[in-house]
1. Within region 138-162, track down each residue that is within 15 Å of the ligand (Cβ to nearest atom) and within 20 Å of residue 92 (Cβ to Cβ).
2. Kindly check whether there is at least one residue in region 154-170 that is farther than 30 Å from residue 240 by Cα, touching a helix residue (DSSP H, G or I) at 6+ places or on another chain (Cβ under 7 Å) and surrounded by 20 or more Cβ atoms within 10 Å (Cβ to Cβ).
3. Of these, 111, 116, which one is within 16 Å of the ligand (Cβ to nearest atom) and either in contact (Cβ under 8 Å) with a residue 60 or more places away in the chain or in contact with a strand residue (DSSP E or B) (Cβ under 9 Å, 6 or more places away or on another chain) (or both)?
4. Taking region 202-241, which residues are within 20 Å of residue 34 (Cα to Cα), within 16 Å of the ligand (Cβ to nearest atom) and touching a residue at least 40 places away in the same chain (Cβ under 8 Å)?
5. Looking at 126, 185, which is the one that is touching a helix residue (DSSP H, G or I) at 6+ places or on another chain (Cβ under 6 Å) and away from the ligand (no atom under 16 Å from the Cβ)?
6. Spot the failing condition for residue 180; the list is (1) closer than 21 Å to residue 117 by Cβ; (2) touching a strand residue (DSSP E or B) at 6+ places or on another chain (Cβ under 9 Å); (3) modelled with pLDDT of 95 or more, and only one is missed.
Ligand code: 5IU
């Protein structure tokens with residue numbers, strides 16, 4: 001089954017595959033900015049080149065609910081999904097409140113979020129109760145890109161098994177390689193992708209788009225390689241970098257999947 005023909009596990013996952021095919025982009029840009037205005041301007045600049053934007057909404061200093069309304073408008077304008085990288089890690093009851101409530105009301109605007117498998121199946125139950133009626137999807141954290149990660153192969157395998165028990169809501173993984181078979185339909189999203197440097201001096205480890213797509217990645221997640229530093233942000237340069245990573249990611253997909 002080719003990358004383009006396969007169908008994924010849920011309507012949301014299929015929507016993502018359609019965007020990837022339509023825009024010929026498997027690039028997710030991670031915008032780890034701390035101010036609403038720079039975040040929105042950066043997203044508007046790279047939006048045409050991405051299938052997804054990843055946020056860390058809790059690092060925004062001047063958060064106001066209008067920010068997520070503006071992000072949602074940009075997602076419609078540029079045809080991308082929003083992924084809030086919340087990394088939930090508590091018991092089911094608590095994560096359902098963290099997902100639906102608080103200042104950020106993540107479930108109301110983020111198409112995708114993610115969770116650690118560590119607490120056990122209850123975490124998925126808690127998030128699913130909130131997210132499934134809203135047609136949201138979950139990614140489980142199966143592996144991390146950082147040096148010394150404690151997620152060993154048996155943890156990763158147990159995370160895959162957990163996803164299989166909840167394939168109505170779990171659409172895939174944050175992982176460094178393919179997990180499960182292509183026809184199971186799980187999507188693999190991989191952070192720690194960079195073309196110019198190998199690390200950041202704080203444990204991050206970068207591989208190239210070619211390396212991660214060879215390992216089975218569907219979506220490459222690139223942060224500072226595209227956005228640069230918020231203090232010296234250059235929107236034109238970021239748009240150029242997004243195009244560069246989009247092309248590298250798409251060339252790798254075409255090579256690996258023979259299209
Ligand atoms: N991120 C990782 N590695 C992981 C997971 C998440 O880098 O294993 I899970 C996040 C952290 C940051 C983005 O928001 O992805 C990568 O940003 P840079 O490309 O700037 O390193």
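1. 138, 139, 140, 141, 142, 155, 159
2. Looking through region 154-170, at least one residue is farther than 30 Å from residue 240 by Cα, touching a helix residue (DSSP H, G or I) at 6+ places or on another chain (Cβ under 7 Å) and surrounded by 20 or more Cβ atoms within 10 Å (Cβ to Cβ).
3. On the way: 111 fails: within 16 Å of the ligand (Cβ to nearest atom).
116 is the lone residue from the list that is within 16 Å of the ligand (Cβ to nearest atom) and either in contact (Cβ under 8 Å) with a residue 60 or more places away in the chain or in contact with a strand residue (DSSP E or B) (Cβ under 9 Å, 6 or more places away or on another chain) (or both).
4. Hits for region 202-241 are 204, 221, 222, 223, 224, 226, 227, 230, 233, 238.
5. Testing whether each residue is touching a helix residue (DSSP H, G or I) at 6+ places or on another chain (Cβ under 6 Å) and away from the ligand (no atom under 16 Å from the Cβ) leaves just 126.
6. Unmet condition: (3).
The values are calculated or read from the model by the stated rules, or taken from the named source; none is laboratory data. Computed from a predicted structure; not experimentally measured. Cβ coordinates were reconstructed from backbone atoms using ideal geometry, including for glycine residues, and neighbour counts include every protein chain displayed.
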